[in-house]
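Peer 1: Handing you a structure now.
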Amino acid sequence: METLFQDLRHAVRMLVRSPSLTLVAVLSLALGISANSTIFSAINAVLLRRPPYPNSDRLVTIVNSPLKQPGQRYPVSTADLVHWGKDNPLFDQIEASEWGTESNALSGAGVPERVVVQRVTPGLFPLLGVQPVLGRLFTEDDANRTDGGGVAITYEFWQRRFAGDPKVLGRSFFVDNDTVTIVAVLPPRFDLFGTAPADVVEGISINQKGPGETQRWLMGIGRLKPGIKIKEAQVSMDVLARRLEQAYPDTNKGVGIKVQSLQDGLFGWSRQILYPLFAAVAFVLLIACTNIANLLLSRASTRRKEIGIRAALGASRVRLIRQMLTESVLLAMSGGLLGLVLSVWGIKLFIALAPRWLPQAKAISIDARVLGFTFAISLATGILFGLAPALRASKTDLNDSLKEGGRSSAPGSRHRTRSTLVVIEVALALILLVSAGLMMNTVVRVLHADPGFHPNHLLTLEVRLIGKKYFDISQWEKTGLDLVTPQVGIFCKQVLERVRALPGVESAGLIDWLPMLEDAERFGTNFAIAGRPAVTAGERPGAMFSAISPEYFRVMQIHLLRGRDLTEQDAATAPWVVVINDAMARKFWPNQDPIGKVITLDTQVTRAEERPREIVGVVGNVRQFRLGMDPFPEIYAPYPQQAQHCTAGATETRLHKSLVLRTSLASKGLFDSLRRAVAELDKDSPVFGIKTVQETISDSTNLERFYTQLLGGFAVVALLLAAIGIYGVISYSVSERRHEIGLRMALGAQSAQVLRLVLREGFILSLAGVAIGLAGSFGATPLLSDFLYGVKAHDPLTLTLVSLFLVGITVLATYIPASRATKVDPMVTLRHE
């Protein structure tokens, strides 16, 4: 222990004696370690930190998975859950949550608003060990009631909407068309999916029989019996899947079952976002380590005499290595401490940049695991960058090192080591720069992608129609759907008339869901093509479906390619028609004209409509989800002919309409006028989402921008470190070759020749690094393939431009010491030697 303290005291003295080296090393390490700690904090919050539920190691998600594509996951039906729960010896309990959350309208409790609703089976909260802070949890009776059932509200919604009123229990309001009563307030920060707490949690029953029994819309959540492993449960569920496939071929053919830990099942998909970022920051840290290793190698050359004296006095090689490693570890720990402080701001920046849908983003923080990680990488980096200089310095020649002014017998070997480290730096920096370049290329292409419409001067707002006047529930038992009443058409017509009359509004149209809204519950439908062989419901092709007003295409300026537009004459009593997009025409009628073809759409419970629909027009493609996503096949129908396609059920009737306006000026006064226009028609239907389409498009690119900003920042740090590294190597090379340079100049070499000599050395190092980096990028950049749009992972233009840029920067870093070399005075140098 005494020896350790001696090493520490000596290390502190040596670092204090070299303040410039210490400062550069600590700052370099702090940047690298803080970046690693920040990204690890995100990985820890999302993928490592156990969910805050008792026995969380036994909690699993149970979902469907195609037998031919076991990596994919999709929802399960209530029928599946009933089968799984029967005589299952491996699970204590199986419950369910809706696959995600939904937006609904809340009314009857003040100003109507849109709320986020999560639906779960009543047994889920006891399964998770969640206890309310007020009231009781809802029961199976609450879930089975079609009106007046009990619901839980989240703590955050309680504070926001009801100001934390302790008398909130028993209050009733409408969620869409259902009357609900508050029976519980959930504990703070209850957030199953980790994106944002829901506002209202309703109960669902999996024991009810009905037309929607086989709809897949749930996520199973179970608790394994003590001692049962996930692998055992997976084997058992595989057997059950094959049994169900044989018993119910219409609904379960090719359907497997996937069992995962609760953590993986809820958040595992975020690995593909976080792991490439973690690889990027690891590269930054490696570059910092190679930089500091170079600095320590240079410093060790100036300590040859000191090390020689210590060796002559009896210090063993192991003792010398330990002393030098103590210095490097102390340096690394200092950088780690500063890096930990910087990571506090790094986490805040990460949270600010992260997309809203990234799970657990607000839970990212520094905890014991992050502290342990930071300590571990600080220790590891201290050993990593200190070992090579320590080994090199401890192999000293006593006679050579003790000579007054003697030079090392092996300067070439040390120079080769430093040059190799610089080549590694340049290679790693190139990989990061290429990755950032690909993402920048992607963002440029995404921002210039044609959305399929003209977004300038477009304003949107969303309306959720609620009230039983809009629905006819009498057909539920027969169809499983609530047919919309004529009142929906009346509302649509009146609201369009009122909105078009407002000052500043040039034209207005209507659609179910506008393109590129993150929270849009876009509805898809399967369909059958007349004249083609009949197939089962599960094998019919699918497309997106929207009900629109006749003016929608004109307002959005979506081009009509063939046929005709929808008109006011396409009423409910007229022959039913549809317009399709070009993607659907090319996919299902290649080299044919689809005009006049007839299709029959499925209802939401996969029943074919009785009335066929004729294709009367083909319009241009619209990017419905993101600019960086290719268009899907899409079907547009006139809203009077929408009846069987409202996403509605007897206990959750809801109808969403979006208005799109082409305006001359978007102002607060216009926003207020729009709200009043809707409120005058229906005061209980909330209006929300009033914003320009340009804002919506910008929001749709948040993933690409998030990646570009982070990778761009890491790449800039890597470039700076690489430039510093090559500058340091060339500077040291010039100092070592002063005698040679002086002799060359004494023999007649011109300054330009000396300049070219030094520049050539830096150029060769940069070219070697670029060559290795290009080879490495072919293995690294495919990790970004899921985030790229319009550019390949090995894009030649990006590789060429980034390589030339990096070579230019490294040559620029070489120019300063090269210029200094031309100022060597040969007389002074030769006299000194």
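Peer 1: Please find, within region 445-480, the residue that is modelled with the highest pLDDT out of those that are within 25 Å of Arg500 (Cα to Cα) and of a type in the set (Ser, Thr, Tyr).
Peer 2: The qualifying residue modelled with the highest pLDDT is Thr460.
Peer 1: Something else now. Considering Asp92, Asp87, which residue is open to solvent by 60 Å² or more (accessible area, probe 1.4 Å), in a loop (DSSP other than H, G, I, E, B) and acidic (Asp, Glu)? Walk me through how you get there before you give the answer.
Peer 2: Values: Asp92 fails: in a loop (DSSP other than H, G, I, E, B).
Within the list Asp92, Asp87, the selection yields Asp87.
One line per residue, one yes/no per condition, for (1) at pLDDT below 90; (2) within 20 Å of Asp512 (Cβ to Cβ):
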position	(1), (2)
Ala583	no, yes
Glu609	yes, yes
Gly620	no, yes
Ile635	no, yes
Gln642	yes, yes
Leu655	yes, yes
Ser664	yes, no
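Peer 1: Say we look at region 677-694 and pick out the residues that are part of a helix (DSSP H, G or I) and of a type outside the set (Val, Ile, Thr); which of these is farthest from Lys657 (Cα to Cα)?
Peer 2: The extreme case among them is Gln694.
Peer 1: Looking only at region 752-795, count every residue that is in a helix (DSSP H, G or I) and either within 24 Å of Leu627 (Cβ to Cβ) or in contact with a His (Cβ under 8 Å, 6 or more places away or on another chain) (or both) and tell me the total. Outline the logic, then answer.
Peer 2: Step one: of region 752-795, the residues in a helix (DSSP H, G or I) are 752-787.
Narrowing further to those that are either within 24 Å of Leu627 (Cβ to Cβ) or in contact with a His (Cβ under 8 Å, 6 or more places away or on another chain) (or both): 777-778, 781-787.
Final tally of qualifying residues: 9.
Peer 1: Please count how many residues of region 398-444 are at pLDDT 55 or above and either within 39 Å of the chain's Cα centre (by Cα) or of a type in the set (A, V, I, L, M) (or both).
Peer 2: Residues flagged as at pLDDT 55 or above and either within 39 Å of the chain's Cα centre (by Cα) or of a type in the set (A, V, I, L, M) (or both) within region 398-444 amount to 27.
Peer 1: Here is a further query. Restricting to region 243-282, name every residue that is under 30 Å from Thr38 (Cβ atoms), open to solvent by 50 Å² or more (accessible area, probe 1.4 Å) and either touching a Phe, Trp or Tyr at 6+ places or on another chain (Cβ under 8 Å) or of a type outside the set (Phe, Trp, Tyr) (or both).
Peer 2: Residues satisfying the conditions are Arg271, Gln272, Phe278.
Peer 1: Quick check on this structure: which one of Gly150, Gly203 is within 29 Å of Leu465 (Cβ to Cβ), in contact with a helix residue (DSSP H, G or I) (Cβ under 6 Å, 6 or more places away or on another chain) and open to solvent by less than 10 Å² (accessible area, probe 1.4 Å)?
Peer 2: Gly150
Peer 1: Still on this structure, I have one more. Just to verify a result, which residue in region 153-170, among those that are farther than 20 Å from Asn104 by Cα and free of Cβ contacts under 8 Å to residues at least 12 places away in the same chain, is least open to solvent (accessible area, probe 1.4 Å)?
Peer 2: Among residues in region 153-170 that are farther than 20 Å from Asn104 by Cα and free of Cβ contacts under 8 Å to residues at least 12 places away in the same chain, the one least open to solvent (accessible area, probe 1.4 Å) is Gly164.
Peer 1: Residue check, Phe173 against (1) open to solvent by less than 50 Å² (accessible area, probe 1.4 Å); (2) at pLDDT 90 or above, all met but one. Which one?
Peer 2: (2)
A quick yes/no check of all residues on (1) in contact with a strand residue (DSSP E or B) (Cβ under 8 Å, 6 or more places away or on another chain); (2) without any contact (Cβ under 8 Å) to a residue 40 or more places away in the chain; (3) open to solvent by 70 Å² or more (accessible area, probe 1.4 Å):
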{"position": "Pro19", "(1), (2), (3)": "no, yes, yes"}
{"position": "Val26", "(1), (2), (3)": "no, no, no"}
{"position": "Thr38", "(1), (2), (3)": "no, no, no"}
{"position": "Leu48", "(1), (2), (3)": "no, no, yes"}
{"position": "Asn55", "(1), (2), (3)": "yes, no, yes"}
{"position": "Ile62", "(1), (2), (3)": "yes, no, no"}
{"position": "Leu67", "(1), (2), (3)": "yes, no, yes"}
{"position": "Tyr74", "(1), (2), (3)": "yes, no, no"}
{"position": "Thr78", "(1), (2), (3)": "yes, no, no"}
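Peer 1: Also: In region 54-85, how many residues are over 22 Å from the mean Cα position of the chain (by Cα), within 18 Å of Ile228 (Cα to Cα) and not hydrophobic (A, V, I, L, M, F, W, C)?
Peer 2: Counting residues in region 54-85 that are over 22 Å from the mean Cα position of the chain (by Cα), within 18 Å of Ile228 (Cα to Cα) and not hydrophobic (A, V, I, L, M, F, W, C) gives 6.
Per-residue answers, yes or no, for (1) within 19 Å of Arg418 (Cα to Cα); (2) at pLDDT below 85; (3) open to solvent by less than 20 Å² (accessible area, probe 1.4 Å):
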residue: Arg744; (1), (2), (3): no, yes, no
residue: Ala749; (1), (2), (3): no, yes, no
residue: Val758; (1), (2), (3): yes, yes, yes
residue: Gly762; (1), (2), (3): yes, yes, yes
residue: Pro782; (1), (2), (3): no, no, no
residue: Lys792; (1), (2), (3): no, no, no
residue: Asp795; (1), (2), (3): no, no, no
residue: Leu804; (1), (2), (3): no, no, no
residue: Ala813; (1), (2), (3): yes, yes, yes
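Peer 1: Another question about this same structure. Which of the following residues is under 29 Å from Leu286 (Cα atoms) and free of Cβ contacts under 8 Å to residues at least 24 places away in the same chain: Ser698, Ser735?
Peer 2: On the way: Ser698 fails: under 29 Å from Leu286 (Cα atoms).
Sole residue among the options that is under 29 Å from Leu286 (Cα atoms) and free of Cβ contacts under 8 Å to residues at least 24 places away in the same chain: Ser735.
Peer 1: For region 232-279, name all the residues that are part of a helix (DSSP H, G or I) and of a type in the set (Lys, Arg).
Peer 2: Applying the first criterion (part of a helix (DSSP H, G or I)) to region 232-279 yields 232-247, 249-252, 262-279.
Hits for region 232-279 are Arg242, Arg243, Arg271.
Peer 1: Let me ask something else about it. So for region 125-134 (the condition being more than 27 Å from Ala363 (Cα to Cα), touching a residue at least 12 places away in the same chain (Cβ under 8 Å) and not aromatic (Phe, Trp, Tyr)), does at least one residue qualify?
Peer 2: Within region 125-134 (the criterion being more than 27 Å from Ala363 (Cα to Cα), touching a residue at least 12 places away in the same chain (Cβ under 8 Å) and not aromatic (Phe, Trp, Tyr)), the answer is no, since none of the residues qualifies.
Peer 1: Please go through (1) open to solvent by 60 Å² or more (accessible area, probe 1.4 Å); (2) under 30 Å from Leu517 (Cα atoms) for Ala105 and return the number of the only condition it doesn't satisfy.
Peer 2: (1)
Peer 1: Looking only at region 552-593, which residues are closer than 13 Å to Tyr636 by Cβ, touching a helix residue (DSSP H, G or I) at 6+ places or on another chain (Cβ under 7 Å) and open to solvent by less than 60 Å² (accessible area, probe 1.4 Å)?
Peer 2: Answer for region 552-593, where residues must be closer than 13 Å to Tyr636 by Cβ, touching a helix residue (DSSP H, G or I) at 6+ places or on another chain (Cβ under 7 Å) and open to solvent by less than 60 Å² (accessible area, probe 1.4 Å): Asp565, Asp570, Trp576.
Peer 1: Moving on. Evaluate the following for Thr600: is it modelled with pLDDT under 90, of a type outside the set (A, V, I, L, M), open to solvent by 30 Å² or more (accessible area, probe 1.4 Å) and over 36 Å from the mean Cα position of the chain (by Cα)?
Peer 2: Values: modelled with pLDDT under 90: yes; of a type outside the set (A, V, I, L, M): yes; open to solvent by 30 Å² or more (accessible area, probe 1.4 Å): yes; over 36 Å from the mean Cα position of the chain (by Cα): yes.
So Thr600 fits the description; yes.
Peer 1: Which ones in region 724-737 are under 13 Å from Phe763 (Cα atoms) and either open to solvent by less than 20 Å² (accessible area, probe 1.4 Å) or touching an Asp or Glu at 6+ places or on another chain (Cβ under 8 Å) (or both)?
Peer 2: Passing the criteria: Ile726, Val729, Ile730.
Peer 1: Are any of the residues in region 706-718 open to solvent by 10 Å² or more (accessible area, probe 1.4 Å) and on the phi > 0 side of the Ramachandran plot?
Peer 2: no
Peer 1: On to the next question. Can you name the condition, by its number, that Gln624 falls short on among (1) farther than 21 Å from His656 by Cβ; (2) in contact with an Asp or Glu (Cβ under 8 Å, 6 or more places away or on another chain); (3) modelled with pLDDT under 95?
Peer 2: (1)
The values are calculated or read from the model by the stated rules, or taken from the named source; none is laboratory data. Not measured: the values here are computed from a predicted model. Positions of Cβ are generated from backbone atoms using ideal geometry, with glycine treated the same way; all protein chains shown enter the neighbour counts. Quick note on the areas: whole protein, heavy atoms, side chains included, nothing else; ligands and nucleic acids left out. Shrake-Rupley method; radii C 1.70, N 1.55, O 1.52, S 1.80 Å.
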